[in-house]
Amino acid sequence: MISKFELIHLNNNNMDNSVTLHKVIKATPEKIYRAFTEPDALASWMPPYGYLGVVHKIDVCEGGTYKMSFTNFSTCNSHSFGGKFLEIKPNEFLKYTDIFDDPNLPGEMTTSIWLKKVSVGTDLKIVQEGIPSAIPTEMCYLGWQESLDKLTKICETDMRDL
């Protein structure tokens, strides 16, 4: 159930195989930015349910690169991808490319992430463009929704050290 402070808006544009997601998360932009840029955090929330993630490399700076893989826990099949950071404004904006290692998923995707402080936390907007035609946009939406659910859980939880 979505709380009154949580909004998910999905906009499907099949013409250019892109997805747009919007969500308000009860956490600071700084905490959410860390979740996108720290390897252990990214590996924990980015893979959809049923997948395990590994960040093999990440250099968060303009021109820096990253490499990750997702493994299906049930089948043990995995796919890897990587890319380059194009634009970075800490705690406000990230833009990076994604390229799958699988030749059946050709092309370069671009993901843009906006973080805006609002009265109840952070307004998060994500646009992913250039999704390979072999991946249905509804599959991307499902994956992102699951990932954003996990992101919300780690960012909205305020754990104190023992």
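Since every read-out is calculated from the coordinates, none of them should be taken as a lab result. The structure displayed is predicted, hence computed values, not measured ones. Cβ atoms come from the backbone with ideal geometry, glycine included; neighbour counts cover every protein chain shown.
Numbers below:
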{"read-out": "Prolate/oblate/rounded label for the stretch 79-145 (Cα gyration tensor, a/c 1.5)", "value": "oblate"}
{"read-out": "Relative contact order (%) - criterion: Cα under 8 Å, at least six apart; region: the stretch 65-155", "value": "16 percent"}
{"read-out": "[x] 10, 34, 30, 16, 8, 2, 0; [y] 11, 41, 34, 13, 2, 0; [z] 10, 40, 39, 10, 1, 0, with the label sought being that of the calculated P(r) over Cα pairs in 10 Å bins from 0, in percent", "value": "[z]"}
{"read-out": "Relative contact order (percent, whole number), the chain, Cα cutoff 8 Å, 6+ residue spacing", "value": "26 percent"}
{"read-out": "Cα-based reach from Lys23 at 22 Å (exclusive), listing lysines while leaving out same-chain residues under 8 positions away", "value": "Lys4, Lys31, Lys89, Lys95, Lys116, Lys117, Lys125, Lys150, Lys153"}
{"read-out": "Sites Phe73 and Glu129 - FRET efficiency at Förster radius 45 Å, r taken between beta-carbons, to 0.05", "value": "0.95"}
{"read-out": "Cα shape, the stretch 70-118, gyration tensor, a/c 1.5 rule", "value": "oblate"}
